[in-house]
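What follows is a set of notes on a single structure, which appears directly below.
The values are calculated or read from the model by the stated rules, or taken from the named source; none is laboratory data. Everything quoted here is computed from the prediction, not taken from an experiment. Here the Cβ positions follow ideal geometry from the backbone for every residue, glycine too, while neighbour counts run over all protein chains shown.
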Amino acid sequence: MPRPRADALALFAAAACQSPSADVLAVWLDAAVDEDGARAIQIYDAGERRQVELRPTIADSDAGQVELGVAPGGGGFMVSAIKGGTVWIDLQRGTRGVIAKGPWGELAENASFSRSGRALLRGLAEGAQPDQVLMPIASVSTTPLWLGAPATEHLGARGFVRSAADAPIVYWLEEGGTEDVEYVDGTIAAFAYPSEGSRVDVDTLVPLGTNRIHTRGISAGAFPSRIPKDSLRGGWCTHSLCVTPDGDAAIGISPALCQVLRFQWARVGSDGESRPAREIDLPVGCGWTSEPHLLAALDASHALFDDDERIYLADLDRGSWTATPKLGSTTTAVTMLAANGGRTMNFVSGDGTLIRADADGIEVVSAERTDCTPQPPITSPNGAWVVMTCGGSEAIVEIDQPAFSTTLRISALGLERFDGLAMRALAVDDGGNALLYSYDPDDNEEVPRGMFVLEGGGHLSRVDELEPTPEPFGGSTTTYFSAQAH
């Protein structure tokens, strides 16, 4: 176990000289409500604090039950009424966009960003067609577009949308299976949408290619030693299918053992139509219990897999593998964190070990281990830093203060451990500066008390007293903040 840093007890002294900041956008909602129903949204943007007023202007919207979300990349944020519309606020361009009731009918409760942060997506209400409303937000125009379901293989089939992590491309996929065993069963269709800096210059949704694909569902609890990858646990490749960061391909687990399927919409035949998914055998012998399972597609040629003991990087075109043993104790879960537009994956264990993988290889960043009962870890946009917070540290029992816990920061510099106030991490920038908030585990561990910045040099300072008190948002979930590093 690594020893606490020498400056651990000085961690909560204010940093000297200039006010510390993290290159992070964070938003939260005031608990206080004006007489006319308006309330303030507070904005922390790279060290600057400001606010905007939330006042219902869309039919059926109210300021009571809302969802907040910061776009990947921190360019702006959305405010979404659970029973109303969604408003996008672009802090870089100074523009806004709205998704409201339209020709598509009633909206579903939740809105989400595409993985690239270039679009907002909102589904339709239960019982409606499996369509989505897509609003480009990295474009001059933020006019909502109706992403209608293409022709499906099965009558009455439902579908879902998966987006590329570094391109304005989305896939509509025909869904099969149950809540526990999900897979793609039928139509796969790729679309481009408007975005600045796109390779494809479009001003509306444009079909790129369509065909059919059938993946093999794997039960969420069937392989407890594998890295979580299903939708129930927030995985990257749900329904046994991954989209590459540039959106050129989708890679899925084949119904055949030890085989994957690769659909590329630009791979066309003499008729100009997209060809069926190509079958690619995995370059190792395996059986039903030892077959490596798909984790991520880094590009059309390189994919990540895991079995009970190892993480694999496969070159699908060359038929070659590299592998690294999983680190950490057998009782701690491993979390996969996407970075660098989905081209880098960090694998962090509950006790602080870190493995990093990209198309060039797999490396052990830090093999140091420490006691930790972790909250969900976060990574910087470039993948160089991982931060997570722990509770109930046995290493500081001599302080005899149950309100104290541990913050871990992991990078090529090793594992840094800071023992002090109970914290939760919001976001960390590419310089290792992390934005966190404190809470009192002896009172109500869900209620934020103050906002802090842990600087790259190891000093942590309070930067906001969070007055007035933040309000939970997001429907039934207890969420106070949404944050992303720039």
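Which of the numbered conditions does Val52 fail, given that it passes all the others? Conditions: (1) modelled with pLDDT of 85 or more; (2) within 20 Å of the chain's Cα centre (by Cα).
Status for Val52: all satisfied but (2).
Per-residue answers, yes or no, for (1) surrounded by fewer than 17 Cβ atoms within 10 Å (Cβ to Cβ); (2) modelled with pLDDT of 90 or more:
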{"residue": "Ala403", "(1), (2)": "yes, no"}
{"residue": "Leu408", "(1), (2)": "no, yes"}
{"residue": "Arg417", "(1), (2)": "no, yes"}
{"residue": "Leu421", "(1), (2)": "no, no"}
{"residue": "Ala427", "(1), (2)": "no, yes"}
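Take the residues in segment 168-197 that are polar (S, T, N, Q) and surrounded by 18 or more Cβ atoms within 10 Å (Cβ to Cβ), then tell me which one is farthest from the chain's Cα centre (by Cα).
Thr187
For segment 98-147: of the residues being aromatic (Phe, Trp, Tyr) and more than 21 Å from Leu68 (Cβ to Cβ), which is surrounded by the most Cβ atoms within 10 Å (Cβ to Cβ)? Can you show your working first?
Looking only at segment 98-147, we keep the residues that are aromatic (Phe, Trp, Tyr), and these are 104, 113, 146.
When the remaining residues are screened for being more than 21 Å from Leu68 (Cβ to Cβ), the result is 104, 146.
Numbers: Trp104: 20, Trp146: 14.
Out of the qualifying residues, it is Trp104.
Count, please, the residues in segment 196-218 that happen to be farther than 25 Å from Glu179 by Cα and either of a type in the set (S, T, N, Q) or part of a loop (DSSP other than H, G, I, E, B) (or both). Full working, then the answer.
To start, the set of residues in segment 196-218 that are farther than 25 Å from Glu179 by Cα comprises 196-210.
So of that shortlist, the ones also either of a type in the set (S, T, N, Q) or part of a loop (DSSP other than H, G, I, E, B) (or both) come out as 196-205, 210.
The total comes to 11.
Of all residues in segment 451-472, count the ones that are within 27 Å of Ala384 (Cβ to Cβ) and either not in a strand (DSSP E or B) or not aromatic (Phe, Trp, Tyr) (or both).
13
Please list, ordered by first then second residue, the pairs with beta carbon atoms under 8 Å, 6 or more apart or interchain, first in segment 239-266 and on the phi > 0 side of the Ramachandran plot and surrounded by fewer than 24 Cβ atoms within 10 Å (Cβ to Cβ), second assigned to a loop (DSSP other than H, G, I, E, B) and among the aliphatic types (A, V, I, L, M).
Matching pairs, first to second residue: Cys258/Leu282; Cys258/Val284.
Enumerate the pairs (first residue in segment 171-184 and among the small types (Gly, Ala, Ser); second residue anywhere and in a strand (DSSP E or B)) with beta-carbon separation below 7 Å, excluding pairs fewer than 6 apart on the same chain, so at least 6 apart or on different chains.
Gly176/Tyr183; Gly176/Val184; Gly176/Asp185; Gly177/Tyr183
To keep it simple, each residue is scored yes or no on (1) of a type outside the set (S, T, N, Q); (2) at pLDDT below 90; (3) touching a helix residue (DSSP H, G or I) at 6+ places or on another chain (Cβ under 9 Å).
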site: Ala128; (1), (2), (3): yes, yes, no
site: Ile137; (1), (2), (3): yes, no, no
site: Val140; (1), (2), (3): yes, yes, no
site: Thr143; (1), (2), (3): no, no, no
site: Ala149; (1), (2), (3): yes, yes, no
site: Ala157; (1), (2), (3): yes, yes, no
site: Val161; (1), (2), (3): yes, no, no
site: Ala164; (1), (2), (3): yes, no, yes
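Kindly indicate whether any position in segment 217-225 is buried (at least 22 other Cβ atoms within 10 Å of the Cβ) and touching a Phe, Trp or Tyr at 6+ places or on another chain (Cβ under 7 Å).
Within segment 217-225, none of the residues are buried (at least 22 other Cβ atoms within 10 Å of the Cβ) and touching a Phe, Trp or Tyr at 6+ places or on another chain (Cβ under 7 Å).
One line per residue, one yes/no per condition, for (1) in contact with a strand residue (DSSP E or B) (Cβ under 9 Å, 6 or more places away or on another chain); (2) acidic (Asp, Glu); (3) within 24 Å of Leu121 (Cα to Cα):
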{"site": "Ala189", "(1), (2), (3)": "yes, no, yes"}
{"site": "Ala192", "(1), (2), (3)": "yes, no, yes"}
{"site": "Ser240", "(1), (2), (3)": "yes, no, yes"}
{"site": "Gly252", "(1), (2), (3)": "yes, no, yes"}
{"site": "Leu257", "(1), (2), (3)": "no, no, no"}
{"site": "Ala266", "(1), (2), (3)": "yes, no, no"}
{"site": "Glu273", "(1), (2), (3)": "yes, yes, no"}
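Being of a type in the set (Lys, Arg) and touching a Gly at 6+ places or on another chain (Cβ under 8 Å) narrows it down to one of Arg310, Arg343, Arg318, Arg356, so name that one.
Values: Arg310 fails: touching a Gly at 6+ places or on another chain (Cβ under 8 Å); Arg343 fails: touching a Gly at 6+ places or on another chain (Cβ under 8 Å); Arg318 fails: touching a Gly at 6+ places or on another chain (Cβ under 8 Å).
Of the residues listed, the single one that is of a type in the set (Lys, Arg) and touching a Gly at 6+ places or on another chain (Cβ under 8 Å) is Arg356.
For Lys229, work out the one condition from (1) at pLDDT below 95; (2) crowded, with 22+ Cβ neighbours inside 10 Å; (3) in a strand (DSSP E or B) it doesn't fulfil.
(3)
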